[in-house]
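All remarks here apply to the structure that follows.
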């Protein structure tokens, strides 16, 4: 790796060249496209992003869980270069190519369950979710889809309807697609009856919602993130997801697992469903799948995926050969370097320090949660009162940015600080990044950061 794996602060953050580029962005890019940290990257790899001013920032975001194998993994670079030299596009629906088939074969091998599977490839997570819903409705002949509080599934019209949070995802973009119903999420930290009662009470609330608002015979699918992403890295209590899956099977309702953020080694397993042995009927993937290139998939039981008429699934760019080559190389990297184990190592390094931070600031850190290299702290203003503190999350984020650490926040209330380091990051950078985060947190709590 030719990019040195060290944090370097050559200028203030953002530096003068980044500020120039940001001015050009403001003049030419829609204001609706936001930027979390306006430093303009010229090179990246491992756990480092180097900007146009020569600053090298530690990456705790992975482009929102995309660059799992790093930003320039050698196998990915070689595969992409080779494929670009061969051809960049033909459209699989016109003249197909082996790379698309090979990705689908790999998905059949890696996704949960030993049953016969089929896949279809798309460009983005939102496209994958939309097409999973299409398959479910087509196969069952039913219309209704049940989702959960705090869910995030995308920015298209249907996936905005499936998403729970209004701002910034849904605000004034309606009307949205119909026949979408929302059930309470099993959210242990904020469950009204307490964490111990969450699994049982949340399951009962889910069943009641489907039965009273939808009717089992009208429900095509239940769509769930095994660990919620944008909604706050919410990990349901053990056993809850398995009970939901079992109940869906009993009712003839399809279970769709949205593993777009959790998939491909991020949580310490190939997929978050694997942790409890849950086998969904349909599973959506994207993000970490293709080493940074746009690729998404729906993988499901063969009889479901094959029930759709010819031409009912597809898209001009879906399964682009360059993206497919990148995905095959990224998966090879995950296997060769055992990145599932690496995610578990990252969890073992992060969690003790995050819990120690919670012990030092019990009135400000309400919860530490997550799995593998998908971890979070929920910030509050009053400890036992559990009042969300988005202002503190923002202050910590700004302090981290100024010190050269790329971080992300999330959550329905904007008060969750999430950690998504690339699995290619080294231990020294992990430790230094946590040092930066802790110092930023202490300064924000003490009022040194506005």
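Divide, for region 103-187, the radius of gyration over alpha carbons by 2.2 N^0.38 Å, where N is the residue count. Could you put the intermediate results ahead of the total?
Values: Rg = 14.6 Å, N = 85, 2.2 N^0.38 = 11.9 Å.
After normalising by residue count via 2.2 N^0.38 Å, the value is 1.23.
Show that you can apply the helix-only estimate: for the chain, add -39,500 (n - 2.57) for every DSSP H stretch of four or more residues, divide by all residues, and state [θ] at 222 nm to the nearest 500. Each step should come with its number before you reach the end.
Values: 13 runs with 166 residues, N = 450.
So the calculated ellipticity at 222 nm is -11500 deg cm²/dmol.
Of all DSSP beta bridges located in region 75-336, what percent are antiparallel, nearest 5? Walk me through the numbers before you get to the answer.
Values: 10 of 24 bridges.
If I count the DSSP bridges inside region 75-336, around 40 percent turn out antiparallel.
Give the whole-number value, in cubic angstrom per residue, of the convex hull volume spanned by the C-alpha atoms of region 194-284. Provide the component values of the computation, followed by the final result.
Working: hull volume 9.0 nm³, N = 91.
That works out to 99 Å³ per residue.
Viscosity 0.692 mPa s, temperature 37 °C: Stokes-Einstein D of region 16-153 from its Kirkwood Cα radius, in µm² per second? Kindly include the intermediate steps, with their values, before the conclusion.
Details: Rh = 19.3 Å.
Once the numbers are plugged in, D ends up at 170 µm²/s.
What nm distance separates the two modelled labels at residue 95 and residue 42, each placed 7 Å from Cα along Cα→Cβ?
It works out to 4.0 nm between the two label points.
Quick one, what does Rg over Rh come out to for the chain if you take C-alpha atoms and the Kirkwood Rh? Don't skip to the end; give the middle numbers.
On the way: Rg = 21.6 Å, Rh = 22.6 Å.
Using Cα coordinates only, the ratio equals 0.96.
Need the full-extension length gain, residue 138 to residue 82, defined as separation in residues times 0.36 nm minus the C-alpha distance. One decimal, nm. Let's see the in-between values first.
On the way: separation 56, 0.36 × 56 = 20.16 nm, distance 3.86 nm.
That pair, residue 138 and residue 82, stretches by 16.3 nm at full extension.
Pull out the extension gain between residue 431 and residue 217, defined as 0.36 nm times the separation in residues minus the alpha carbon to alpha carbon distance; nm, one decimal. Working shown, then result.
Numbers: separation 214, 0.36 × 214 = 77.04 nm, distance 5.21 nm.
Full extension from residue 431 to residue 217 adds 71.8 nm.
Return the Cα extents of region 264-356 along principal axes one, two and three, sorted largest first, each rounded to a whole Å.
So the extents along the principal axes, rounded to whole Å, are 55, 30, 22.
Would you calculate the separation in nanometres between label points at residue 448 and residue 23, each defined as 7 Å from the Cα along the Cα-to-beta-carbon direction?
Going by the 7 Å Cα→Cβ label model, 3.2 nm.
Kirkwood hydrodynamic radius for region 75-336: how many Å is it when counted over pairs of different Cα atoms? Walk me through the numbers on the way to the answer.
Details: mean 1/r = 0.0534 Å⁻¹.
Value: 18.7 Å, from the Cα pair sum.
Need one number: % antiparallel among DSSP beta bridges in the chain, to the nearest 5. Please report the intermediate quantities before stating the final value.
Numbers: 32 of 48 bridges.
So the antiparallel bridges in the chain amount to around 65 percent.
Using per-residue counts of other Cβ atoms within 10 Å, averaged over each peptide, order 46-59, 75-88, 344-357 from highest down. Mind showing how you got there, number by number?
Numbers: 46-59: 23.2, 75-88: 15.0, 344-357: 16.9.
Peptide ranking by packing, descending: 46-59, 344-357, 75-88.
Give me the one-decimal nm value for the distance between modelled label points at residue 310 and residue 351, 7 Å along each residue's Cα-to-Cβ direction.
5.1 nm
Every number in this text was worked out from the coordinates using simple rules, so none of it is lab data. Computed from a predicted model, the values in this text were never measured in an experiment. Please note: Cβ atoms are built from the backbone with ideal geometry, for glycine as well, and neighbour counts cover all protein chains shown.
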